[in-house]
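Bear in mind that the values in this text are calculations on the coordinates, not laboratory data. Nothing here was measured: the structure is a model prediction, and the numbers come from that model. Ideal geometry is used to build each Cβ from the backbone, glycine not excepted, and the neighbour counts take in all protein chains shown.
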Amino acid sequence: MALKQSLGTRKKFFFTYTQATISSKNHNSLMPLFHYTARNKQGTKLTGEMQAGSCQEIAQQLNKNGITPIEINLVKKAQALMSWRGRLETPKPTELITFSYQMFTLMKAGVPINSALRSLEKSAHNPSLSMILSNIIKNLEMGQTLSTALSHQPTVFSNFFVNIIRIGESTGSLDESFLSIAKYLELEKNTREQIKAALRYPIIVIIGICIAIVVASVVVIPKFAAIFAQAKVDLPLQTRIILAISDFMVTYWPILLIGSLIIGVAIRLWLHTQRGRYQWDKFKLRLPIKQKEKGARFGLFCKHHNTKNRAWPLLFSDNAKEPS
């Protein structure tokens, strides 16, 4: 019995140590690397590298050890590395909605931003979200504003999200900004779910029709073509067109497959260009189903601005500056 307890204790200790080691590695990979030149109390010149959030942290750490820093240079910027599990568990829309509501409640209660984010970091179930909040806290401790810290996570917080927070900072209504964002994200989530539900059946029908056409052209029609060839009868124009299409698909299917892949990749690359993305977004905004989302964005826009001239540069500029 004592032996089992001892083995269980060792396993628990090993598991805890492994978790701490992985956490430490992930934490270090998120911080920038600095090269420093300093002198100790004896005047000896020292050089080395150290990871920290800023040059000030490096200088404070060296001073605590009795070393006077002379020069500190950035070697490698921070990299938001995460484990494969963290990459798979990116924050979901529901988690961002919950985060926004929680921030609204904490801001309304008068809790400081750093304390609010730290409590949410500890209670986050998603490791990726916890890591992102940890990065935001570090940026805040380095003297950055909340909107600037959020802008360092573009895959999670959109430009729209960041600029609404920036507006809340400039107008002193940060809690209301989080509440408005939460309501907007809920509306956007519900709209997307309705769109998916409305398009699910037509997409299934279209895919089924395409599969049926391919099967008929490759398998069924060639058998009828052999029968027509043996009968040696004149066929209508429509039948001859169908037979020609079927023969082309059977003969040149590798070219069709490769061509489809090339076209798909070309369209994808074009959508990643500035002009392609602009044209695609312009097309989407013309769709009737997008009018509700566009109206919600402009409603939120008007709520947080008293004058249009002040709002437009902040909301729609990619390089929006904080108001002086």
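General observations
- The fewest-to-most ranking of VAL220, VAL162 by surrounding Cβ atoms within 10 Å reads VAL220, VAL162.
- Each principal axis of the Cα atoms in the range 66-206 has its own extent, and those three values, largest first, are 73, 37, 25 angstrom.
- Subset of LYS189/LYS282; LYS41/LYS138; LYS138/LYS183; LYS41/LYS64; LYS196/LYS282 violating a 23 Å alpha-carbon distance limit: LYS41/LYS138; LYS138/LYS183
- The stretch between MET142 and VAL205 holds 17.2 nm of extra length on full extension. This uses 0.36 nm per residue minus the Cα-Cα distance.
- Residues listed by number, the range 147-182, amide nitrogen under 19 Å from HIS272 label point at 7 Å toward C-beta: 154-156
- Net charge contributed by nearby residues that have their C-beta within less than 15 Å of VAL111 (K/R +1, D/E -1): +1
- Measuring r between the beta carbons of SER158 and HIS125 and using R0 = 35 Å, the FRET efficiency lands at 0.95.
- Computed E for THR105/ASN63 - FRET, C-beta separation, R0 45 angstrom, nearest 0.05: 0.65
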